[in-house]
Amino acid sequence: MSRAFKETYSDIKIASPLKRLGAFIYDLMLVAALLMVSTGVLMTINGGEALDTSPYFAVYQSALFIIVYLFLSFFWMRNGQTLGMLAWRLRVQTSEGYRLNFMQCLIRYIVGIISLSACFVGFLWMFINKQKMTWHDLASGTHVVELPKNAKILE
């Protein structure tokens, strides 16, 4: 069962595609840095040898896949905001306004990768969908909402 957010706002609206793009670019830079550090650590474990020719290349790719998933899902489950989303005042939540659970994060992550692999068609879907939902929003039952600037929290 998902936990409710402590704060509720009276004027939450669906996030605009431009704000989502801004948060995505911000998070993309963080994920790139995380992948560089992770690769450095994994290369050290591999004795400084390149990992692309190693017999453990599939393990390396799987490790990076899991590391990025754990990074994103930690933020999605904790407060519904990655660092990029926090900077753009966005939050991912369930359709009912709750925090995401482990399975919703996994579905969101995997379908997000499929959306990227399909030449961003899954992301561009928000321009067709009336509720501005992407493929990974639809598959995981989540919404990305924009939090108000000077919000008054409802108790």
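For this structure, a couple of remarks:
- Our summary of shape: the Cα atoms of the chain have principal axis extents of 55, 33, 29 Å, ordered from largest down, in whole angstrom.
- For L90, the residues 5 or more places off, or on other chains, whose built amide H falls under 5 Å of its own are L147.
- Straight-line reach from K6: taking Cα to Cα under 15 Å and skipping same-chain neighbours fewer than 8 places apart, the aspartates and glutamates in range are E96, E155.
- Spin-label pair M36-Y69: with each label point 7 Å from Cα along the Cα-Cβ axis, the two points sit 2.6 nm from one another.
- Computed over protein heavy atoms with a 1.4 angstrom probe, the accessible surface ordering of C105, C119, largest first, is C119, C105.
- Expressed as a whole percent, the accessible area of region 102-143 that falls on carbon and sulfur atoms is 76 (1.4 Å probe).
- By average C-beta atoms within 10 angstrom, highest first, the peptides 36-44, 75-83: 75-83, 36-44
- Charging the Cβ of each Asp and Glu at -1 and of each Lys and Arg at +1, and nothing else, the dipole of region 1-108 about its Cα centre rounds to 540 debye.
- Nearest-10 value in Å² for the accessible area of E146, using the 1.4 Å probe: 20 Å²
- Within region 83-107, backbone nitrogen closer than 17 Å to the virtual label 7 Å beyond the Cα of K149 toward Cβ: 87-90
- Degrees separating the helix 102-117 axis from the principal Cα axis of the chain, which is the longest one: 70 degrees
- Surface accessible to a 1.4 Å probe, I12 within the full protein complex, Å²: 60 Å²
- Label-to-label distance, A50 versus R78, with points set 7 angstrom from Cα along the beta-carbon direction: 3.6 nm.
- Whole-number percent relative contact order across the chain, with pairs defined as alpha carbons under 8 Å at least 6 apart: 37 percent
- The heavy atoms of I113 offer some 60 square angstrom of accessible surface to a 1.4 angstrom probe.
- Selection from H136, T94, W125 lying farthest towards where the dipole of region 51-155 points positive, charges on Cβ: T94
The values are calculated or read from the model by the stated rules, or taken from the named source; none is laboratory data. Small disclaimer: the values here were computed from a predicted structure and weren't measured. Cβ atoms come from the backbone with ideal geometry, glycine included; neighbour counts cover every protein chain shown. The protein model used for the area step is the full one, side chains on, heavy atoms only, and it has no ligands, DNA or RNA in it. Shrake-Rupley method; radii C 1.70, N 1.55, O 1.52, S 1.80 Å.
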